[in-house]
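The structure that follows is given in the form of structure tokens.
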Amino acid sequence: MEASSANPTDIATRTEVALTEQPWVNPRDPAKAVGPDGRPARSRRAPIWADVPDEQWDDWRWQLSHRINTVDEVAAVLNLTDDERAGLTAEDKFRVDITPYFASLIDPDDPNDPIRRQVIPLGREAEAFTAMMEDSLAEDRHSPVPGLVHRYPDRVLMLVTTQCASYCRYCTRSRIVGDPRQNFNSREHEAQLEYLRRTPQVRDVLISGGDGLTLAPKLLERIIRGLREIPHIEIIRIGTRVPVFLPQRVDDELCEMLARYHPIWMNLHFNHPNEITPEVARAADKLTRAGVPLGNQSVLLAGVNDCVHIQRALVHRLVENRIRPYYLYQCDLVEGSGHFRTPVGKGLEIMEGLRGHTSGYAIPTYVIDAPGGGGKIPVMPNYLISYSDHKVVLRNYEGYITTYEEPPTYTPHDKSTCAYCQHERPEPGQSGVLGLLEGERMWIEPSGFEETHRRGAIEAHRLQDPSKWVPFGVGAIEGRAGKPLPVLEAGAEANGGGAAPGKAEYGPGEEPRPREGEPTGTAHGELL
């Protein structure tokens with residue numbers, strides 16, 4: 001057989017076409033978004049930092065060293081209210097630090113901006129409320145060595161630092177977080193590891209703090225490597241808000257390091273769609289390409305995300321970036337969080353507005369972190385014992401009974417000023433389903449199918465045949481599937497004698513409904 005040779009002209013033509021064709025870019029991938037200049041898209045930058053070179057702005061160490069915290073520094077970026085000035089100048093306030101990147105996402109003229117409310121203190125932050133606790137989750141009571149919380153049988157929480165990139169005003173661990181005098185050192189890290197070496201039932205470790213991703217890279221790797229060297233530790237998780245406050249921290253060096261110690265999982269903490277920027281999309285893309293599965297834990301916050309439309313937009317943006325919504329937390333009973341608290345009924349309302357209205361993998365589990373140390377309790381029938389106008393009674397997986405005090409006052413979400421409520425996501429087709437539920441019809445008949453062109457002939461689509469839309473077992477519908485349903489008398493023939501005695505011939509969909517207790521259907525002569 002002679003070997004065939006390609007035509008040189010054809011090869012040259014194909015090469016020329018390949019060189020001139022532009023590589024295809026996925027327009028749906030958030031990590032590939034480009035700005036007006038054709039370069040990777042960027043979020044807004046506040047005017048005060050407009051002259052900062054991109055090389056510095058994209059350096060996570062520069063971002064950390066240029067955080068703003070005083071009233072004058074914050075006022076240079078935002079137009080402050082009197083309540084915010086009172087919060088920023090309070091002597092005993094919980095620590096304030098905001099990265100330039102995150103501060104730039106805030107609308108400087110909107111005192112109700114959802115990002116602003118999370119990081120700028122208010123004067124009323126210091127107001128006490130019923131059931132307020134310093135350590136609402138009783139973590140210190142479950143701590144066998146400093147910084148290690150062993151509440152569940154097979155997993156532990158490992159606090160490796162008290163420092164964060166920025167500080168959430170509703171922080172569960174505000175009793176220690178942000179205080180450099182209470183930071184954990186290498187000696188305490190080793191004590192934590194030694195406890196884990198001697199506790200073989202522990203298979204899952206969650207690294208948190210503070211935020212472990214604020215540690216020096218070598219120190220973070222030393223801790224992760226120490227965990228990975230323990231044979232019975234199967235899973236390492238990292239709980240972090242650094243990719244939200246400081247997506248620049250997710251660089252190639254970090255991703256390559258994490259990939260060496262798999263299986264590693266990471267839970268992020270987004271509360272509002274405005275926090276998901278092009279920089280965040282690229283950071284999430286880097287992590288997932290490094291093999292790190294991503295989840296998200298939100299906190300239900302009054303004035304920030306207590307709206308089903310905001311929550312739906314948030315979970316849709318998350319799954320678009322390959323981040324799985326994991327938990328929706330009820331706000332903890334911690335000092336400083338009183339004005340953020342919502343009734344449990346608001347969380348149930350949001351979950352009802354998500355379930356069935358969007359993809360199952362886009363729906364988080366709504367939980368209350370039990371006051372007193374009972375762990376995370378899902379708000380669902382098996383665990384919700386009772387619900388009054390001021391108190392929720394719950395039980396955890398061990399049967400531990402706890403109560404969650406409802407806030408005495410709550411200002412409902414203002415739908416008239418919410419852009420998400422004003423532009424509610426449409427749900428076409430739901431009116432047809434409502435028609436079924438309200439008894440107007442028994443099925444929805446499809447329409448609008450195009451005719452099919454097959455072998456030169458024009459044929460109607462098979463679903464346009466009306467006989468297909470008469471349900472089996474409910475009888476004939478006048479004018480749709482043959483003659484009306486005959487009335488059978490005992491022992492009589494319904495087809496005028498054409499069938500065997502006691503039997504009747506029926507067209508598709510004309511079988512009579514069986515009597516109570518009899519088989520409900522047949523197929524090919526056999527009982528279903």
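Laboratory data are not the source of any read-out in this text; all were calculated from the coordinates shown. It should be emphasised that the depicted structure is a prediction, and the values quoted were computed from it without experimental measurement. Don't worry about glycine lacking a Cβ; one is built from the backbone with ideal geometry, like all the others, and counts go over all protein chains shown.
Testing the spin-label approximation: label points 7 Å from Cα along Cα→Cβ at residue 72 and residue 50. State their distance in nm.
Reported label-point gap for residue 72 and residue 50 is 2.3 nm.
In addition: Can you compute the FRET efficiency between residue 140 and residue 22 using 1/(1 + (r/R0)^6), with r the Cβ-Cβ distance and R0 = 51 Å? Round to the nearest 0.05.
Calculated value: 0.30.
Further question: Between residue 79 and residue 34, what length in nm is gained on full extension when 0.36 nm per residue of separation is reduced by their alpha carbon distance?
My answer for the length gained is 13.2 nm.
Could you calculate the contour length gain from residue 179 to residue 107, that is, 0.36 nm times the residue separation minus the distance between their Cα atoms, to one decimal place in nm?
Residue separation times 0.36 nm, minus the Cα-Cα distance, leaves 23.0 nm.
Hey, got a sec? Which GluC sites (Glu not before Pro) in region 53-135 land in a DSSP loop and have at most 13 other Cβ atoms within 10 Å?
91, 127, 134
Between residue 385 and residue 359, with labels modelled 7 Å along Cα→Cβ, what's the label distance in nm to one decimal, could you check?
Each label point lies 7 Å from its Cα, and together they span 3.9 nm.
Here is a further query. Evaluate the relative contact order of region 140-430 (contact order divided by residue number), counting alpha-carbon pairs under 8 angstrom at least 6 apart; express in whole percent.
Value for region 140-430: 13 percent.
Does region 47-124 come out rounded, prolate or oblate by the C-alpha gyration tensor, with a ≥ b ≥ c the root eigenvalues, rounded set by a/c under 1.5 and, if not, prolate when a/b is larger than b/c and oblate if not?
Prolate shape, in that a/c is at least 1.5 and a/b is the bigger ratio.
Something else now. Would you mind calculating the gained length between residue 427 and residue 92 on full extension (0.36 nm times residue separation, minus the Cα-Cα distance), in nm to one decimal?
Value of the extension gain: 115.8 nm.
May I pose another question? Where the centre of each part is set by its Cα atoms, how far does region 302-333 sit from region 172-198, in angstrom?
Taking the Cα centre of each part, region 302-333 and region 172-198 sit 30 Å apart.
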